[in-house]
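**Student:** Got a structure for you, written out below as structure tokens; questions coming shortly.
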Amino acid sequence: MKVHLSFESLDDGESESTNALNKLEGREDVLGVIVERLFPGKFTDQEAEVSIAFVSAPDMKEKNYTYRGIDEPTDVLSFPMWEDQDGVFLPPSDWDVLPLGDILICEDVVRENAHQNGTSYVEELYLMVAHGFLHLLGMDHDTEEKQQKMWLFQSAICKEWLLDEKKSHQSPSLGGEVTR
């Protein structure tokens, strides 16, 4: 599956967030590798679209309360289009282009998380994109087993993006880091 990320910015396109996400353009192929690892032999001829938008802390708080019953802002929310009631990823197989859903990111919370975790803002931002993407594919972290698997995949995505950022543009080579 070839994945396309589209970004919606609330600024003039010059923020650190927008610049960081723009660097992911052309490097979405690592997401296609993850889809192949999760769903071997499926979706190989399809293209997928993911929309990513930044929202303010008050807007994220409102959405988090509306959809999760939590009255505080969060770093990332995902709105998958193809999950059944059990959270299983069930997209149509006969569509050429498959919209996977939307990812909302709150920059203020991501900055605070980066500070608390001792990571850079860009690392934390990439983690949120990877995390949100995996939720769009039906992954969750509501049990220890599911969390370990999801963390492994999101770590592999981020590691590849950060390595690629340092080495310029090379094709993804997730090697043996990700197992099914």
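**Student:** Which residues, taken from segment 68-117, are in contact with a helix residue (DSSP H, G or I) (Cβ under 9 Å, 6 or more places away or on another chain) and of a type in the set (S, T, N, Q)?
**Tutor:** Those that are in contact with a helix residue (DSSP H, G or I) (Cβ under 9 Å, 6 or more places away or on another chain) and of a type in the set (S, T, N, Q): Thr74, Ser78, Asn113, Asn117.
**Student:** Looking at segment 136-160 only, could you name the residues that are buried (at least 21 other Cβ atoms within 10 Å of the Cβ) and either in contact with a His (Cβ under 6 Å, 6 or more places away or on another chain) or farther than 17 Å from Phe7 by Cα (or both)?
**Tutor:** Leu137, Met139, Phe153, Gln154, Ala156, Ile157, Cys158, Glu160
**Student:** Now a separate question. Please determine, by comparing only the residues of segment 71-90 that are under 21 Å from Gln154 (Cβ atoms) and in a loop (DSSP other than H, G, I, E, B), which one is nearest to the chain's Cα centre (by Cα).
**Tutor:** Asp75
**Student:** From the set of residues in segment 22-51 that are closer than 22 Å to Leu152 by Cβ and of a type in the set (Val, Ile, Thr), which is surrounded by the fewest Cβ atoms within 10 Å (Cβ to Cβ)? Walk me through it before giving the result.
**Tutor:** Keep residues of segment 22-51 that are closer than 22 Å to Leu152 by Cβ, which gives 24, 27-43, 48, 50.
From what is left, the residues that are of a type in the set (Val, Ile, Thr) are 30, 33-35, 50.
On the way: Val30: 22, Val33: 19, Ile34: 25, Val35: 21, Val50: 22.
Step by step, filter segment 22-51, then rank; the result is Val33.
**Student:** Of the residues Ile105, Ile157, which is under 11 Å from the mean Cα position of the chain (by Cα) and part of a helix (DSSP H, G or I)?
**Tutor:** Just one listed residue meets the conditions, Ile157.
**Student:** Which of (1) crowded, with 19+ Cβ neighbours inside 10 Å; (2) acidic (Asp, Glu); (3) closer than 22 Å to Arg111 by Cβ does Glu83 not meet, given it meets every other one?
**Tutor:** It fails just one condition, (3).
**Student:** Could you please find all residues in segment 22-55 being acidic (Asp, Glu), within 20 Å of Ala130 (Cβ to Cβ) and in a loop (DSSP other than H, G, I, E, B)?
**Tutor:** Across segment 22-55, the qualifying residues are Glu25, Glu28.
**Student:** Sticking with this one: Every residue in segment 123-145 that is in a helix (DSSP H, G or I) and either among the acidic types (Asp, Glu) or farther than 24 Å from Phe79 by Cβ (or both), please. Full working, then the answer.
**Tutor:** So in segment 123-145, the residues in a helix (DSSP H, G or I) come out as 123-136, 144-145.
Across segment 123-145, the qualifying residues are Glu123, Glu124, Glu144, Glu145.
**Student:** Sticking with this one: I'm told Pro58 meets every condition in (1) farther than 15 Å from Ile103 by Cα; (2) outside any helix (DSSP H, G or I); (3) not hydrophobic (A, V, I, L, M, F, W, C) except one. Can you identify the failing condition by its number?
**Tutor:** So the condition that Pro58 fails would be (2).
**Student:** Let me ask something additional. Which one is modelled with the lowest pLDDT, of the residues in segment 5-21 that are part of a strand (DSSP E or B) and surrounded by fewer than 16 Cβ atoms within 10 Å (Cβ to Cβ)? Please lay out each step first, then the result.
**Tutor:** Here is the first cut: in segment 5-21, the ones part of a strand (DSSP E or B) are 5-8.
The next check asks that each one be surrounded by fewer than 16 Cβ atoms within 10 Å (Cβ to Cβ); those that pass are 6, 8.
On the way: Ser6: 88, Glu8: 79.
That would be Glu8.
**Student:** Looking at segment 117-135, which of the residues that are without any contact (Cβ under 8 Å) to a residue 12 or more places away in the chain and within 18 Å of Lys23 (Cβ to Cβ) is surrounded by the most Cβ atoms within 10 Å (Cβ to Cβ)?
**Tutor:** The residue in question is Thr119.
**Student:** Would it be correct to say that Gly132 is under 20 Å from Glu36 (Cα atoms) and modelled with pLDDT of 95 or more?
**Tutor:** Answer is yes for this residue.
The values are calculated or read from the model by the stated rules, or taken from the named source; none is laboratory data. Since we're looking at a predicted model, the values are computed, not measured. Cβ sites come from the backbone with ideal geometry, for glycine too, and all protein chains shown count toward neighbours.
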